[in-house]
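One structure below.
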Amino acid sequence: MVASADALALAGARATGREAARLSAVAAAMRERLWRYEHRPADGLEALELYETAARADPAQACGLRVQRALLGGDIDGDPERVYRELYSIRAAAPRTDCARRVGAMLERLEAFRPLPNVLAELERDARGDAGVELMGSGRPRATVDGAGAVVVPALDRAPSGPTRITAVERYPGEDSARIVVVLTQPALFEVGFIPKQGKLDARLFVDVKGGTYKGQLAFETPGLVKRVRLGQRKDGSRIVLDLAAPVFRKVFYLPEPFRLVIDVSTTPPTEGAAPVRAGQRMVRRVVLDAGHGGHDPGATGPNGLREKDVTLDIAQRAAPLLARELGVSTLMTRDTDEFVSLDARTARANAFKADLFVSIHCNASEDPQATGFMTFVLDDSRDALASEIAARENAASAAAAAELASVMRQFADQASLARSVHFAELLQRSAAASLGFGYVGTADRGVRRAGFYVLAGAHMPAVLFEVSFISDEREETRLNTGDYRQKLADAIVNAVRAYRDGH
Ligand SMILES: [Zn+2]
């Protein structure tokens, strides 16, 4: 039955629209039945992921599928308040439908477990998303996905004014994957092409930037998969050529503010690792711990002067040896000292390291003095205004840019790997709640959220951004300044990795 469910889930991940929803929903129902017979956590969690995958694939059935998900989740956790919260959100997202009326009747039966009004108000705000963020420009980005990977180009709402200058060509080499970032003075259209190896000439991937101009070094030698990056001028723009040591899969997309092309190449097919999560153990050999900010970028600063960059580095430094000692996992820290590392470089390092999980560590900040607690983000399209604001601050760009990035990634993110990120994020929230529950009762679990974080863009592995607490809140700042609190947060990361590896 597990094998059949996996086969259906895989077929669902390859299909689109209603067919994808149908296959995923059948697989989910099979896993749910297995869980109800045998109570193995892996079956239950897999069913939850598959219901969500199905709901996202077909909006017309989303409400009903999410109700099933909520009921199962409540049974797994033995937590009727969770069921209430989820059902409440489902109804708020699709009011005045038949499904919403059924949910209303369920909520009445769960009246005893109704959470406090402020919790419900927040759920309603999130679900409505009416304060949501609009995309920059008029159209949505266009994606082409084929066997060789994906290309996403922007929808320009107006013609570029004057020439588009290439101001930098950043190179992040690796043996099996590499990233090249081309920084431009304004948004531009581009085309991607490939020329196979001919005799002694290496295979080449090229990107033509419409209207692009460039002055500077014309060739850069790099070690590893990309042997060389060359720039040339053509009649209607600039051409960037990557000379390749081996055949590659590519993902070419853009990031706004400043506008830049990201050319990710890898010898591993993009769908690998997208297979449904199997029961039992998951392969976790390498983990990347990404301490947010550093160097000239202090991140957020608390009312008493505590700096985010110092807290995040200390938590990463506490978690890394524990991961090695307790789980035998190799860790890579994107920074191990107080140095500046760009967001693009962090993801590139994680990909080159062939990490199985990526955890970016940050402290939250808000103008709202009431804002407290911990939350975990995944990179996904969202109309959640609060989440977009947080992403904007972490990206050092606008909320509109964060929303645009989320929309770009949505074009080629595959549902299965997104589901894995969400699953790991849920485990991290759960283990943080457990870890802080000893000694820090009442720290608010703000849940898993979705937004456009640059540092997660293009990661080849499940990737989350962990906002450990609000450094802007005086009480949480005081706690973040203690070794004990930081240790508990580091423990939470280690325990979440263990739970994920063990198939929970
Ligand atoms: Zn941060």
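The values are calculated or read from the model by the stated rules, or taken from the named source; none is laboratory data. On a predicted model such as this, the values are computed, not experimentally measured, just so you know. Don't worry about glycine lacking a Cβ; one is built from the backbone with ideal geometry, like all the others, and counts go over all protein chains shown. For accessibility, only protein heavy atoms count, side chains too; no ligands or nucleic acids. Shrake-Rupley method; radii C 1.70, N 1.55, O 1.52, S 1.80 Å.
In table form, for the structure just shown:
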item	result
Verdict on Ala28 being part of a helix (DSSP H, G or I), crowded, with 16+ Cβ neighbours inside 10 Å and not assigned by TED's automatic domain parsing to the domain that holds Gln429	yes
Any hit, segment 81-100, residues being among the basic types (Lys, Arg), at negative phi and over 27 Å from the mean Cα position of the chain (by Cα)	no
Among (1) more than 25 Å from Glu49 (Cβ to Cβ); (2) at pLDDT 95 or above, the one test that Ala492 misses	(1)
Residue within segment 65-80 that is modelled with pLDDT under 85 and within 27 Å of Ala399 (Cα to Cα) present	no
Any chance Gly224 is surrounded by fewer than 19 Cβ atoms within 10 Å (Cβ to Cβ), in a loop (DSSP other than H, G, I, E, B), away from the ligand (no atom under 16 Å from the Cβ) and small (Gly, Ala, Ser)	yes
Residue ID - modelled with the lowest pLDDT, chosen from residues in segment 171-193 that are open to solvent by 60 Å² or more (accessible area, probe 1.4 Å) and part of a strand (DSSP E or B)	Glu191
Residue satisfying condition, being out of contact with any strand residue (DSSP E or B) (no Cβ under 9 Å at 6 or more places or on another chain), surrounded by fewer than 18 Cβ atoms within 10 Å (Cβ to Cβ) and modelled with pLDDT of 85 or more, within set Leu50, Leu110, Leu87	Leu110
Cross-chain or 6+ apart pairs with Cβ under 8 Å, segment 328-348 first and in contact (Cβ under 8 Å) with a residue 12 or more places away in the chain, then of a type in the set (Phe, Trp, Tyr) and part of a loop (DSSP other than H, G, I, E, B)	Leu332/Phe353
Tally, over segment 362-407, of residues that are assigned to a helix (DSSP H, G or I), crowded, with 24+ Cβ neighbours inside 10 Å and among the polar types (S, T, N, Q)	1
Tally of residues being closer than 30 Å to Tyr172 by Cα and either away from the ligand (no atom under 16 Å from the Cβ) or in contact with a Leu (Cβ under 7 Å, 6 or more places away or on another chain) (or both) across segment 362-377	4
Residue in segment 430-441 that is within 22 Å of the chain's Cα centre (by Cα) and among the polar types (S, T, N, Q) present	yes
Residue satisfying all of: in segment 257-274; within 17 Å of the chain's Cα centre (by Cα) and crowded, with 21+ Cβ neighbours inside 10 Å; nearest to Arg14 (Cα to Cα) among these	Asp264
Output for segment 223-248, where each listed residue is among the β-branched types (Val, Ile, Thr) and in contact with a Gly (Cβ under 9 Å, 6 or more places away or on another chain)	Val226, Ile240, Val241, Val248
Odd one out for Gln317, checked against (1) outside any loop (DSSP other than H, G, I, E, B); (2) over 20 Å from Arg393 (Cα atoms); (3) open to solvent by less than 20 Å² (accessible area, probe 1.4 Å)	(3)
Looking only at segment 337-361, and only at residues there that are more than 13 Å from the ligand (Cβ to nearest atom) and of a type in the set (Ser, Thr, Tyr), the one that is most open to solvent (accessible area, probe 1.4 Å)	Thr337
Which numbered condition Ile471 fails, given (1) within 16 Å of the ligand (Cβ to nearest atom); (2) within 19 Å of the chain's Cα centre (by Cα)	(2)
Exclusive hit being open to solvent by 30 Å² or more (accessible area, probe 1.4 Å) and over 28 Å from Pro160 (Cα atoms), set Lys235, Lys200	Lys200
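Per-residue answers, yes or no, for (1) closer than 26 Å to His362 by Cα; (2) crowded, with 22+ Cβ neighbours inside 10 Å:
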residue: Arg228; (1), (2): no, no
residue: Phe249; (1), (2): no, no
residue: Leu255; (1), (2): yes, yes
residue: Val287; (1), (2): yes, yes
residue: His296; (1), (2): yes, no
residue: Thr301; (1), (2): yes, no
residue: Leu313; (1), (2): yes, yes
residue: Ala324; (1), (2): yes, no
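Residues checked against (1) out of contact with any strand residue (DSSP E or B) (no Cβ under 7 Å at 6 or more places or on another chain); (2) assigned to a loop (DSSP other than H, G, I, E, B); (3) within 16 Å of the ligand (Cβ to nearest atom):
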position	(1), (2), (3)
Asp290	no, no, yes
Gly299	no, yes, yes
Pro303	yes, yes, no
Lys309	no, no, yes
Leu323	no, no, no
